[in-house]
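The next block holds one structure in the form of structure tokens; read it before the comments.
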Amino acid sequence: MKISGFSKFKNIYQESVIGNKLTEKYTDSYVSKLANSAHSKMVYDYDKDILELTQRIILPKTKAETVLIKSTTPSKKYCLFFPGGTSNICNYQTLYRSLAHNGISVLPVEYCGYGLNKNMEASYGKLVDVAQDAYKYLTEILKVSPKDISIVGYCLGSWPASTIAKASDCQKLILISPITRLSDVSRGYTEAKGIVKNFSPFEQFLTETLFFKKKIASKLNSLKNIENIKCPIMVMSSDKDPVIGTKFIDKFKKIFPKHEQGSFIHFRNFEDGHILTNSKIDYIVNLITGDNVTKQSQIRYITGKHSGKA
């Protein structure tokens, strides 16, 4: 006996399963190509004043290597920092210096396949694995109270940052030009970084299909975690951001009314594009400390290698 509609339902199911598998493979390929960009792999030396505060560590579960930058003064405050998708932890020394000189220790997360971990395999799932490992290092090994941890995510880093904040009781979450979903990243950016051109012809074909665009829309999506985050959230954006379109800010604002009572989201717009500039760094320090930044934090590096690059 033939059941009406069963074959159609079966075909839809099979398409969904195949689509999910292709999406997972595509996203892993995307993350892998991000990890292969020049700034992702290249490791710069730390400046002397940062080096004196820096301790190399290996995270217990993933065995990923990273550094811990200790505050110049005794303090309980910590920042868990997640870099952008085409940079590694050594590209943000100005941020670390500013935080350390304002009483905040920093644990930047080096992703698998990046910088110190360039020989590890990069994948979508491992972004979260190493993020969880870093958070547990702070709370279980260093015994830092979640209430003393501010989580900061830059661009792609906003996704693992919001994922960790969702499952923790951290002090606050700061998102800088956050990626709302994989399909929102500008085509010009992916072409400039050599991400799309390194895809296979089949992957490039998938990228342009409407069905697949809908499938990948949910990947690297920091929006889906917002409703379940209980701590204060700061979203920093820029009208001149060439990487993440300004339309993303409206998506966050649509989520705002649904956010749990007692929590809140603030928005701050900057005029200086996507790069993590001095004004943004000072603003981050002020958000975490609640004070004005010290003169120490105003000393800047001139060389571009220390500028935040997504």
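The values are calculated or read from the model by the stated rules, or taken from the named source; none is laboratory data. Predicted, not measured: the structure shown is a model, and the values here were computed from it. Quick reminder, even Gly has a Cβ in these numbers, built from the backbone with ideal geometry, and neighbours come from all protein chains shown.
Take the range 165-182 and flag every residue that is assigned to a loop (DSSP other than H, G, I, E, B) and either more than 17 Å from Met236 (Cβ to Cβ) or over 14 Å from the mean Cα position of the chain (by Cα) (or both). I'd like the intermediate steps shown before the answer.
Of the residues in the range 165-182, the ones assigned to a loop (DSSP other than H, G, I, E, B) are 167-171, 177-181.
Result: Ala167, Ser168, Asp169, Cys170, Gln171, Arg181.
Being over 19 Å from the mean Cα position of the chain (by Cα) and more than 21 Å from Leu34 (Cα to Cα), is that true of even one residue in the range 202-209?
Going residue by residue through the range 202-209, those that are over 19 Å from the mean Cα position of the chain (by Cα) are 202-209.
This time we only want the ones that are more than 21 Å from Leu34 (Cα to Cα), so: 209.
For the range 202-209, residues over 19 Å from the mean Cα position of the chain (by Cα) and more than 21 Å from Leu34 (Cα to Cα): present.
State all residues of the range 93-127 that are part of a loop (DSSP other than H, G, I, E, B) and of a type in the set (A, V, I, L, M); if no residue qualifies, say none. Lay out the reasoning, then the answer.
So the first thing to find is which residues in the range 93-127 are part of a loop (DSSP other than H, G, I, E, B), and the list is 101-104, 109-114, 118-123.
Result: Ile104, Val109, Met120, Ala122.
Of all residues in the range 169-218, count the ones that are touching a residue at least 12 places away in the same chain (Cβ under 8 Å), within 18 Å of Ile275 (Cα to Cα) and hydrophobic (A, V, I, L, M, F, W, C).
Going through the range 169-218 one residue at a time, the tally reaches 5.
Conditions tested, residue by residue: (1) surrounded by fewer than 16 Cβ atoms within 10 Å (Cβ to Cβ); (2) in a strand (DSSP E or B); (3) modelled with pLDDT of 90 or more; (4) touching a Lys or Arg at 6+ places or on another chain (Cβ under 8 Å).
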site: Ile3; (1), (2), (3), (4): yes, no, no, no
site: Lys8; (1), (2), (3), (4): yes, no, no, no
site: Gln14; (1), (2), (3), (4): yes, no, no, no
site: Val17; (1), (2), (3), (4): yes, no, no, no
site: Thr23; (1), (2), (3), (4): no, no, no, yes
site: Ser32; (1), (2), (3), (4): no, no, yes, no
site: Ile50; (1), (2), (3), (4): no, no, no, yes
site: Lys61; (1), (2), (3), (4): yes, no, yes, yes
site: Val67; (1), (2), (3), (4): no, yes, yes, yes
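Working carefully through the options Gly113, Gly103, find the one that is crowded, with 23+ Cβ neighbours inside 10 Å, of a type outside the set (S, T, N, Q) and on the phi > 0 side of the Ramachandran plot.
Details: Gly103 fails: crowded, with 23+ Cβ neighbours inside 10 Å.
Just a single option satisfies the conditions, and that option is Gly113.
Name the one entry in Lys230, Lys251 that is farther than 24 Å from Asn91 by Cβ, assigned to a loop (DSSP other than H, G, I, E, B), in contact with a Ser or Thr (Cβ under 7 Å, 6 or more places away or on another chain) and modelled with pLDDT under 85.
Exactly one residue qualifies, and that residue is Lys230.
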